[in-house]
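Have a look at the structure below before the remarks.
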Amino acid sequence: MRRIVLWAMSTLTVLVLLFSYSTSRSSTAVVAAETRQVTASSKASGSIGSSSGATDTADATDTSATSATAATAKAYAGEAVMTRFGNVQVRITVADGTITAAEVLQVPMEDRHDQMINSRAVPVYNEETVSAQSADIDVVSGATVTWDGYTQSLQSAIDQANL
């Protein structure tokens, strides 16, 4: 009789502990929301999630005529750099010899891990590119592989722009 009671209480304790374990994390919901925001904004501007080998050469010398200053702005797409997680390609916009904008054309976004890392790292890399006016930008912790591909593609675009 004691064995049956002990077994039943042990089973009940294990079930209570199992069902009370929290499997969701609040940061996952935040990351998912940020990923949707980055993905939505990238669909409006280009193919951020593309990891195919195709390069975007048609955008290499786009001009914009929205204002007098933007009329002299040109976009230069760097070479697509293959990393172990996928291609990374950067496009810069240059006006009057300065980098006014940087954006990724391709970056690995195949799984949740890629999405989590690159949704945080890519905006930082874009801002640092405009601040530094060169490919000498800091690494975002956890996104070293993306940084390596980003800086190589960025340097290729800077070379095309003769900066």
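Filtered by the rule that a residue be touching a strand residue (DSSP E or B) at 6+ places or on another chain (Cβ under 9 Å) and in contact (Cβ under 8 Å) with a residue 60 or more places away in the chain, the stretch 121-154 gives 122, 145, 146, 148, 149, 150, 152, 153, 154.
Candidates in the stretch 109-156 are the residues that are assigned to a helix (DSSP H, G or I) and in contact with a Leu (Cβ under 9 Å, 6 or more places away or on another chain); of these, the one that is nearest to residue 84 (Cα to Cα) is 153.
The residue that is farthest from residue 92 (Cα to Cα), among those in the stretch 104-163 that are of a type in the set (Asp, Glu) and surrounded by fewer than 16 Cβ atoms within 10 Å (Cβ to Cβ), is 111.
Read-outs throughout are calculated quantities, based only on the coordinates presented, and are distinct from any laboratory measurement. In this text, all values refer to a predicted model and were calculated from it rather than measured experimentally. Heads up, the Cβs are rebuilt from the backbone with ideal geometry, glycines too, and the neighbour counts pull from every protein chain shown.
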